1. Scan the strands (runs of 3 or more DSSP E) fully inside the chain and keep the ones with 2 or more residues being in contact (Cβ under 8 Å) with a residue 40 or more places away in the chain and surrounded by 10 or more Cβ atoms within 10 Å (Cβ to Cβ).
2. Check segment 35-43 and report whether any residue there is closer than 22 Å to D96 by Cα and in contact with a Cys (Cβ under 7 Å, 6 or more places away or on another chain).
3. Looking at segment 85-111, which of the residues that are within 30 Å of Q75 (Cα to Cα) and among the polar types (S, T, N, Q) is farthest from the chain's Cα centre (by Cα)?
4. Would you confirm, using the coordinates I've provided, whether D79 is at negative phi, charged (D, E, K, R) and over 12 Å from the mean Cα position of the chain (by Cα)?
Amino acid sequence: MKAARDYFESQSYEVADDSKNCPYDFKCVRGDEVLYVEVKATQTDGSQVILTNGEVEFGRRNPGKMVMFILYNIQLATDGTPSGGIRRIISPWSVDSSALKPISFLYNVPTF
């Protein structure tokens, strides 16, 4: 999250952390421009990230305003402290259904 905040602040955006209450992580404002940023961090090569249903639905409702910020190849120290990583920014990010793969389903168990 810090890497993403630092990046957007360096691009003269005012950055608000909405990750606790919204289906995106940052709302970035620069003049009349508003971007919604989804941040993903991974120790992998970054070729796949997990998205929640809320993230996907919000992205579909806000085409052209979404950005995906991925920090990949992160290293973890033995105490769990992250370091390093390579930044990839997809802007604008559009939720392409052909790039989504369901990995779980919520099943409503019938009542007895």
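Read-outs: derived from the displayed coordinates by stated rules, not from any lab. Bear in mind that the values here come from a model prediction, so they are computed numbers and not experimental data. Note: ideal-geometry Cβ built from the backbone for every residue, glycine included; neighbour counts use all protein chains shown.
1. Numbers: elements: 14-17, 26-30, 33-41, 66-76, 82-90.
Answer list for the chain: 33-41, 66-76, 82-90.
2. Quick first cut of segment 35-43, residues closer than 22 Å to D96 by Cα only: 35-42.
Applying the additional criterion that residues be in contact with a Cys (Cβ under 7 Å, 6 or more places away or on another chain) yields 35, 37.
The answer is yes, given that some residue of segment 35-43 is closer than 22 Å to D96 by Cα and in contact with a Cys (Cβ under 7 Å, 6 or more places away or on another chain).
3. The selected residue is S104.
4. On the way: at negative phi: yes; charged (D, E, K, R): yes; over 12 Å from the mean Cα position of the chain (by Cα): yes.
Against the criterion (at negative phi, charged (D, E, K, R) and over 12 Å from the mean Cα position of the chain (by Cα)), D79 qualifies.
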